[in-house]
Amino acid sequence: MSNEGDLQLVESEFPRDSIRRMRARIKRWYQSNGRELPWRNTGDPYRVWVSEIMLQQTTVTAVVPYYRRFLARFPTIRSLAIADEAEVLRLWEGLGYYRRARHLHRAAQDCLSRLHGTLPSSVEKLQKLTGIGRYTAGAIASFGFDTRAPIVEANTLRLYSRLLDYRGDPRSCSGQKSLWHFAEKILPRKSVGEFNQALIDLGATVCTDSTPDCKHCPLKRDCRAFQNGTQNEIPRRAKREKVISVHEATFVVRKKGKVLLEQQPKNGWWAGLWDFPRLKIGGKMTKHVSCDRKLIADFATRTGIEIDTVEPLIRIRHSVTKYRITLHCYSADYSLGKLSRKTTLKWVGKKMLDELPLSTTGRKLANLIHNR
């Protein structure tokens, strides 16, 4: 399908009778094959909202334990709204993309102050809340209120693209317009939330990314890509960003039973979280060698703290967006210096180290020094 006249082609290729048949087949398939997930059939839009925010760019398997812990501590919008941000981030720790947690917290506060602690049922009003886009609003509206709202996310984008044999870029303006139009057209009048869940499950378990199981797909007779043999080529792949390698050093500095932590800036990767102080280092380091004098001097310049007895601890590799970071971790003893009142650095003991929200690598280091 070309980008020109996309909406007209959607109408011509899938008339009402075809749409009705697809609805019936999807519903029958879902009755036997739908996934059992803890946020389904709750009747609570708040729980749907929490799950949808957690599921953004994160797998179902990873989300389930976080979802359960989060809801055990914050069972209502009010309980989340009145919580301290540090506690919210601590429960989110390890799930990544922490801006989601801060937006969720801020939106809960907005709901409490403006909407009597409830979520609106319309897509338009939901999108006015921080961190809720078009898909998330549609998911909350349809799953939580059974509002007739379409959804397009990773699984349904792939499913719709193949059904339509859409050969353009599904993430482009014209591609999005066509897919959202089709998503709305295919919706039934009743049990909309269940139907949308069926579409997601079909995309997640049958119409998969690399090896679609067309043989067992209930929609293969209507799928234009299957008929044309293009299911492995559609949807068009998104362009991958070039990977950038970065080397950093971090220091576990000890002083009288405490360690030095730094709160990350609001515009950083781990905004609001705490971490052991880091420094960027130039060049490639293929071995975990002893820390040089320049790095120690740079640490003193940035923190105001002089250190000695520096020893290598561990090397951690991790990724943030397009960056592949090699983190060279060192232990050190405090020697001289005093923290400024304006600094984001803080000496913390074991109890606070357990309570503060740390970056993923920060928590790994905290656990390492605790075990030692």
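No value in this document is a laboratory result; all are computed from the given coordinates. Model, not experiment: these values are computed from the prediction. Quick reminder, even Gly has a Cβ in these numbers, built from the backbone with ideal geometry, and neighbours come from all protein chains shown.
Please list 329-342, 267-280, 41-54 highest first by mean number of surrounding beta-carbon atoms within 10 Å per residue. Write out the running numbers ahead of the final one.
Numbers: 329-342: 14.1, 267-280: 18.0, 41-54: 20.3.
Put in order of decreasing packing, that is 41-54, 267-280, 329-342.
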Output ³J(HN,Hα) for region 139-151: one whole-Hz value per residue in order, computed from phi by the Karplus curve 6.51 cos²θ - 1.76 cosθ + 1.60 with θ = phi - 60°, and x for Gly and Pro. 5, 5, 5, 7, 6, x, 10, 6, 6, 6, 10, x, 9
Give me the dipole magnitude in Debye, nearest 20, for region 13-100 about the Cα centre, with unit charges on the beta carbon: positive for Lys and Arg, negative for Asp and Glu. 580
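Could you work out the helix-only [θ] at 222 nm for the chain, with each DSSP H run of four or more residues adding -39,500 (n - 2.57) and the total divided by the number of residues, to the nearest 500 deg cm²/dmol?
Numbers: 16 runs with 163 residues, N = 372.
Per the formula, -13000 deg cm²/dmol.
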Rounded to whole Å and sorted largest first, list the principal axis extents of the Cα atoms in region 106-153. 29, 18, 13
Compute the long axis of helix 293-303 from its Cα atoms, compare it with the longest principal axis of the Cα atoms of the chain, and write down the angle in degrees, 0 to 90, nearest 10. 80
Take the Cβ-Cβ distance between residue 372 and residue 82 as r, set R0 to 51 Å, and report the resulting FRET efficiency rounded to the nearest 0.05. 0.85
Can you work out the base-10 log of I(q)/I(0) for region 1-151 at q = 0.08, 0.16 1/Å, using the Debye formula on its C-alpha atoms alone? -0.29, -0.92
Using label points projected 7 Å from each Cα along Cα→Cβ, tell me how many nm separate residue 255 and residue 341, to one decimal. 1.7
Students often forget the sequence filter, so: which lysines lie under 21 Å Cα-Cα from residue 185 once same-chain residues fewer than 8 apart are removed? 27, 177, 220
Charge dipole magnitude, Cβ of K and R +1, D and E -1 - region 6-228, Cα centre, debye nearest 20: 400
Between helix 154-164 and the chain: long-axis angle, C-alpha atoms, 0 to 90°, nearest 10: 30
Taking every pair of Cα atoms in region 244-371, average 1/r, invert it to obtain the Kirkwood radius, and report Rg/Rh to two decimals. 0.93
Over the chain, what is the mean sequence separation of C-alpha contacts under 8 Å (at least six apart), divided by residue count, expressed as relative contact order in percent? 16
Sequence-distant lysines (8 or more away, or on other chains) whose Cα lies within less than 29 Å of residue 346: 255, 256, 258, 266, 280, 294, 338, 364
Of (i) 25.0, 79; (ii) 25.3, 83; (iii) 20.7, 62, which is the value of Rg and Dmax of the Cα atoms in Å derived from the coordinates here? (i)
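Extension gain residue 267-residue 106, at 0.36 nm per residue separation less the Cα-Cα distance, in nm? Provide the component values of the computation, followed by the final result.
Values: separation 161, 0.36 × 161 = 57.96 nm, distance 1.63 nm.
The residue 267-residue 106 span can extend by a further 56.3 nm.
Treating only the Cβ of Lys, Arg, Asp and Glu as charged (+1, +1, -1, -1), what charge dipole size does the chain show about its Cα centre? Round to the nearest 20 debye.
Working: 66 positive and 37 negative charges, 85 e Å.
Using Cβ point charges on Lys, Arg, Asp and Glu, the chain gives about 400 debye.
Tell me the net charge near residue 314. Cut-off is 12 Å between Cβ atoms, residue 314 excluded, with +1 for each Lys or Arg and -1 for each Asp or Glu.
+3
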Report the net charge of residues surrounding residue 50, where surrounding means a beta-carbon distance below 12 angstrom and charges are Lys +1, Arg +1, Asp -1, Glu -1. +3
Counting Lys and Arg as +1 and Asp and Glu as -1 over every other residue whose Cβ sits under 11 Å from the Cβ of residue 102, the net charge comes to +3
At q = 0.10 Å⁻¹, what log₁₀ I(q)/I(0) does region 166-277 have when each alpha carbon counts as one equal point scatterer in the Debye sum? -0.59
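Relative contact order for region 6-228 using alpha-carbon pairs under 8 Å, separation at least 6, rounded to a whole percent? Intermediate results must be reported in sequence, preceding the final value.
Numbers: 265 pairs, mean separation 50.3, N = 223.
Computed over region 6-228, the figure is 23 percent.
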Which distance in Å, rounded to a whole number, links the C-alpha centroids of region 69-97 and region 235-256? 26
Give me the one-decimal nm value for the distance between modelled label points at residue 306 and residue 68, 7 Å along each residue's Cα-to-Cβ direction. 5.3
Compute the angle between helix 360-371 and the longest alpha-carbon principal axis of the chain, please, reported from 0 to 90 degrees and rounded to the nearest 10. 50
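Residue 211 to residue 113: extension gain in nm, 0.36 nm per residue of separation minus the Cα-Cα distance? Can you show the working numbers first?
On the way: separation 98, 0.36 × 98 = 35.28 nm, distance 4.76 nm.
Once the chain is fully extended between residue 211 and residue 113, it gains 30.5 nm.
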Using the basic label-point model (7 angstrom from Cα toward the beta carbon), what is the residue 122 to residue 292 distance in nanometres? 6.3
Under 5 Å between amide hydrogens, which residues at least 5 positions from residue 314 or on another chain qualify, with H placed 1.01 Å from N in the peptide plane? 329
